[in-house]
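Read the structure below first, then the notes.
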Amino acid sequence: MSQGGDLIRDNLGQEFCYIPEGNFLGGVDGTEELTIRAPYYMGRFPVTSALYQAFLSDTGHDYSKDDLRMLQQVSPMPECPAVNVSWLDAKEFCRWLRRKTGDYYSLPQNDEWEKAARGEDGRTYAWGNEKPNADYAYFNKSHVGLTTQVGNMPKGTSPYGCLDMSGNAWEWCLDSFDDPRDPHILKGGSWQNEAEHLDCGIKLFSHPADKRRNYAGFR
């Protein structure tokens with residue numbers, strides 16, 4: 001990886017933002033004191049459709065023609081976020097990146113995702129507490145039920161430089177709810193959702209782990 005300021009890039013050109021260790025306010029209402037014990041890097045953007053399809057081509061990962069058609073229908077441009085991705089798909093993609101680059105990649109824990117999105121001050125959204133609008137996030141089926149290209153809304157940038165943390169595509173986290181069905185956590189809201197789902201404290205859950213959804217992506 002190469003580094004410049006608080007950003008690093010891997011040899012595929014992906015950018016990652018530095019997130020420091022320490023306390024922050026998070027949780028459902030942004031008042032729970034949470035602790036990150038070690039610094040880490042978070043993808044500046046969600047994984048794109050183009051990169052995900054490169055993974056599919058390179059690995060022969062089990063992904064049907066119907067699944068690919070759904071991905072391309074909802075995210076029609078190469079720089080749209082990859083969607084129709086299961087939690088297991090996202091995990092396998094991370095393994096592929098490790099082999100491809102020699103660097104370590106993982107889905108974020110819920111608390112890691114939250115700190116990268118909202119900073120330390122318990123804000124509701126990545127940009128602050130102002131209610132979502134089309135300048136900040138892509139939501140509420142803004143353009144006939146499609147995602148938009150990542151990074152298109154710089155006003156919605158998080159305190160650490162991450163974009164698209166609210167809206168466009170729900171994003172998988174590594175951890176799951178304490179439930180015998182082992183439902184995994186999604187964060188951030190999507191192109192399908194009303195404004196209230198873009199709150200950084202909200203958790204959506206999905207199971208089983210191989211279930212693909214046309215609103216679910218990752219970073």
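The values are calculated or read from the model by the stated rules, or taken from the named source; none is laboratory data. What you see is a predicted model; the values in this text were computed from it and never measured. Cβ sites come from the backbone with ideal geometry, for glycine too, and all protein chains shown count toward neighbours. All accessible areas refer to the heavy atoms of the entire protein, side chains included, with ligands and DNA or RNA removed. Shrake-Rupley method; radii C 1.70, N 1.55, O 1.52, S 1.80 Å.
Determine which aspartates and glutamates satisfy two conditions relative to Lys155: a Cα distance under 12 Å, and not lying fewer than 8 residues away in the same chain.
Cross-link targets: Glu130, Asp135, Asp164.
When the Karplus curve 6.51 cos²θ - 1.76 cosθ + 1.60 is applied with θ = phi - 60°, which whole-Hz ³J(HN,Hα) does each residue of the stretch 98-112 get, with x for Gly and Pro?
Running phi through 6.51 cos²θ - 1.76 cosθ + 1.60 with θ = phi - 60° gives 4, 5, 6, 10, x, 9, 9, 10, 7, 5, x, 5, 3, 5, 5 Hz.
What are the lysines whose alpha-carbon lies under 23 Å from the alpha-carbon of Lys65, with same-chain residues fewer than 8 places away excluded?
Lys91, Lys211
Taking all pairs of distinct Cα atoms, average 1/r, flip it, and tell me the Kirkwood hydrodynamic radius of the stretch 1-69 in Å to one decimal place.
The Cα-based Kirkwood calculation yields 15.0 Å.
Could you give me D for the stretch 73-194, from Stokes-Einstein at 37 °C and 0.692 mPa s, where the hydrodynamic radius is the Kirkwood radius over C-alpha pairs? Units µm² s⁻¹, please. Display every interim value, and only then the final one.
Details: Rh = 15.3 Å.
It diffuses with D of about 214 µm²/s by this estimate.
Please sort by residue number the GluC sites (Glu not before Pro) in the stretch 1-57 whose DSSP state is loop and whose Cβ has at most 13 other Cβ atoms within 10 Å. Provide the component values of the computation, followed by the final result.
Working: sites: Glu15, Glu21, Glu32, Glu33; in loops: Glu21.
Of the GluC sites (Glu not before Pro), the ones in loops of the stretch 1-57 whose Cβ has at most 13 other Cβ atoms within 10 Å are Glu21.
Which one, (i) 132; (ii) 115; (iii) 124, gives volume of the Cα convex hull per residue in Å³ as derived from the coordinates shown?
Here the calculated entry is (ii).
With 5 Å bins from zero, work out the P(r) of the stretch 54-110 over every alpha carbon pair and list the percent per bin.
Percent of pairs per bin, in order: 4, 17, 26, 26, 18, 8, 1.
I need the phi-derived Karplus couplings for the stretch 206-219: 6.51 cos²θ - 1.76 cosθ + 1.60, θ = phi - 60°, integer Hz, Gly and Pro marked x.
Couplings: 8, 8, x, 5, 9, 6, 9, 10, 6, 10, 9, x, 5, 9 Hz.
Per-residue accessible area for His207 at 1.4 Å probe radius, Å² rounded to 10?
60
What's the carbon and sulfur percent of the stretch 128-219's accessible surface, probe 1.4 angstrom, rounded to a whole number? Don't skip to the answer; put the middle values down first.
Numbers: 1920 of 4060 Å².
Looking at the stretch 128-219 in its full context, I get 47 percent from C and S.
Which value, in Å² and to the nearest 10, is the accessible area of Glu79 when all protein chains are kept and the probe is 1.4 Å?
Here the accessible area works out near 80 Å².
Would you mind telling me the share, in percent, of accessible area of the stretch 1-92 contributed by carbon and sulfur at probe 1.4 angstrom?
It is 49 percent, rounded to a whole number.
Enter the accessible area of Asp66 (Å², nearest 10), with the probe set to 1.4 Å and all protein chains included.
It works out to around 100 Å².
Taking only protein heavy atoms and a 1.4 Å probe, what accessible area per residue, in Å², does the stretch 1-105 have with all protein chains in place?
Numbers: 5480 Å² over 105 residues.
Accessible surface, normalised per residue, equals 52 Å².
Based only on Cα atoms, what mean projected area does the convex hull of the stretch 89-148 have, in nm²?
On the way: hull surface 24.5 nm².
The Cα convex hull of the stretch 89-148, projected and averaged over all directions, gives 6.1 nm².
Take the Cα atoms of the stretch 14-143, build their convex hull, and give its volume per residue in Å³.
129
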